[in-house]
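> Before I ask anything, here is the structure I am working with.
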Amino acid sequence: MSLKLSIVIPAYNEEKTIQTVLKAVASVELIGGFEKEIIVVNDCSKDETEAQIFAFKAMNPSVEVSYFKHEVNQGKGAALHTGIRRAQGNYVVIQDADLEYDPKEFNILLQPIVDGHADVVYGSRFMGGKAHRILFFWHSIGNKILTFLSNMFSNLNLTDMETCYKLFRIDLIQGLELNEKRFGFEPEVTAKISKIPNIRIYEVGVSYYGRTYAEGKKINWKDGFRAIYCIFRYGLFK
């Protein structure tokens, strides 16, 4: 019986990159006999994101892409909720629709799974010898503070709680009640997954090709304050 990896891609105003990401995801050969399930959730984009997705599907009829669209913009977390609910694989991984993370590195995330060691794998931008674009000092400090606070409440020793690359065993992630509709998804899911008895969480180094705001980066300082709120809310209370 073959295993399947569900790849959830939330997209909002990513007309310039969505086809490139889909091509990269479609071209990856997964280790361990894993097959792919590609799920794209369009969070009510205002640009030509939808047209680019349909164009990719038309040009690549052999690539199965499940497409869902929010009629009202709800946030990245809400798009992830939609994709995770509809995932039918044995494991699910998150892939942003920009070019900040390389889908070829799915196999780095999958290795602890294939080896039988992990239930959840985080891809850290701050460990290992992978390529890492040098960008915003205060963003890096903010990420380290948020990860430190998250670790205090979860009793984990992650180096990058805010990473996009998170891979979960499907029954674990679908068994959580997730509420955060924007970037609060990261601290919420980390807090809740850490409370599962006997959970095996691993972290591996991944590359990071970060974007500037001019290139389409969306997270801002308000999301940082929301993340702190989520760390305390979900870290202190079940």
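The values are calculated or read from the model by the stated rules, or taken from the named source; none is laboratory data. Just so it is clear, the model here is predicted, and its values are computed rather than measured. Don't worry about glycine lacking a Cβ; one is built from the backbone with ideal geometry, like all the others, and counts go over all protein chains shown. Accessible surface areas use protein heavy atoms only, side chains included; no ligands, DNA or RNA. Shrake-Rupley method; radii C 1.70, N 1.55, O 1.52, S 1.80 Å.
> Grab the helices (runs of 4 or more DSSP H) fully contained in the stretch 103-210, keeping just those with 1 or more residues being without any contact (Cβ under 8 Å) to a residue 12 or more places away in the chain.
Values: elements: 106-114, 137-154, 170-174, 185-194.
Qualifying helices (runs of 4 or more DSSP H): 137-154, 170-174.
> Every residue in the stretch 54-89 that is among the hydrophobic types (A, V, I, L, M, F, W, C), more than 26 Å from Gly184 (Cβ to Cβ) and in contact (Cβ under 8 Å) with a residue 24 or more places away in the chain, please.
Ala55, Phe56, Val63, Val65
> Limited to the stretch 134-158, what total is found for residues that are open to solvent by less than 70 Å² (accessible area, probe 1.4 Å) and more than 20 Å from Tyr202 (Cα to Cα)?
Residues that pass the stated criteria total 5.
> Same structure again: Within the stretch 211-238, can you find the residues that are open to solvent by less than 40 Å² (accessible area, probe 1.4 Å), part of a helix (DSSP H, G or I) and at pLDDT below 85?
Correct list: Asp223, Gly224.
> Mind listing whichever residues of the stretch 159-171 are touching a strand residue (DSSP E or B) at 6+ places or on another chain (Cβ under 8 Å) and open to solvent by 20 Å² or more (accessible area, probe 1.4 Å)?
In the first step, residues of the stretch 159-171 are kept if they are touching a strand residue (DSSP E or B) at 6+ places or on another chain (Cβ under 8 Å); the result is 159-161, 163-170.
Across the stretch 159-171, the qualifying residues are Thr159, Arg169, Ile170.
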